[in-house]
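A short worksheet on the structure shown next.
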Amino acid sequence: MIRLIGRISDVCGAAAILASFGLVVVTMVEVTSRYAFRAPTVWAFDVSYMLNGAIFVLAMAMTLRLNQHVSIDIFSKAIPERWFRIIEAAIFLCLILPAISLVTYAGWGEFWKAWISGEVETVSPWQPKIWPFRLMLAIGLSALWLQVLARVVAPAEQSTQH
């Protein structure tokens, strides 16, 4: 099960990498269109913020799996490894997992609401459908939820760095 969760995190991370390339292409098209042809696009801003948000959220689970989130090492290095793992598991189980559960639940609700209603981005002149962006947020949050659960269940497999 831990391997499956790791693979899900890796797939979401790979999607974030692909979205990064997409963000570069969109930015290059917009800059070229705006400055070379004096014809800015109506869609580049919306696509850019959606890709940027998707990149951030989709990469969170892989970042946790690789133990690359920002941490304050001065405190964690001062205590024995066993105590660190106990404290980490307690914090993940009692604080982080419930918080991510609520946010993930809300994310899927927002996706579903946008899907059913056909909601569009109302502040944009392009007015794209918002459900694909919300779907990426819900998927990324779900992958993070699974990775936090994996970290609590099998902390030794999740990280070799302390």
Rounded to the nearest 0.05, FRET efficiency between M28 and A78 (Cβ-Cβ, R0 45 Å) equals 0.45
The extension gain from V153 to I116, computed as 0.36 nm times the residue separation minus the Cα-Cα distance, is 9.7 nm
In Å³ per residue, the alpha-carbon convex hull of the stretch 4-162 encloses 128 Å³
Placing each pseudo-label 7 Å from Cα in the direction of the beta carbon, A106 and L18 end up separated by a distance in nanometres of 2.9 nm
If every Lys and Arg gets +1 and every Asp and Glu gets -1 at its Cβ, then about the Cα centre the chain yields a dipole, in debye to the nearest 20, of 160 debye
Between V11 and S124, the two model label points (7 Å from Cα along the beta-carbon direction) sit apart by a distance in nm of 2.6 nm
Checking rank on 119-126, 87-94, with mean other Cβ inside 10 Å and highest first, the result is 87-94, 119-126
Probe 1.4 Å, heavy atoms of protein chains only: per residue, the accessible area of the stretch 1-59 in Å² is 64 Å²
In the chain, helical segments from DSSP H whose Cα atoms cover 24 Å or more along their own axis and that average at least -1.0 on the Kyte-Doolittle scale are 2-31, 44-65, 97-117, 131-153
Correct response: the longest run of the chain lacking exposed trypsin sites (Lys or Arg not before Pro), defined by DSSP loop and at most 15 other Cβ within 10 Å, is 78-162
Expressed as a whole-number percentage, the relative contact order of the chain with C-alpha contacts under 8 angstrom and at least six residues apart is 33 percent
Carbon and sulfur atoms account, in whole percent of the 1.4 Å probe accessible area of the chain, for 72 percent
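The values are calculated or read from the model by the stated rules, or taken from the named source; none is laboratory data. Note that the coordinates shown come from a computational prediction; the quantities given were computed from them, not determined experimentally. FYI the Cβ positions are ideal-geometry reconstructions off the backbone, even for glycines, and counts take in every protein chain you see. All accessible areas refer to the heavy atoms of the entire protein, side chains included, with ligands and DNA or RNA removed. Shrake-Rupley method; radii C 1.70, N 1.55, O 1.52, S 1.80 Å.
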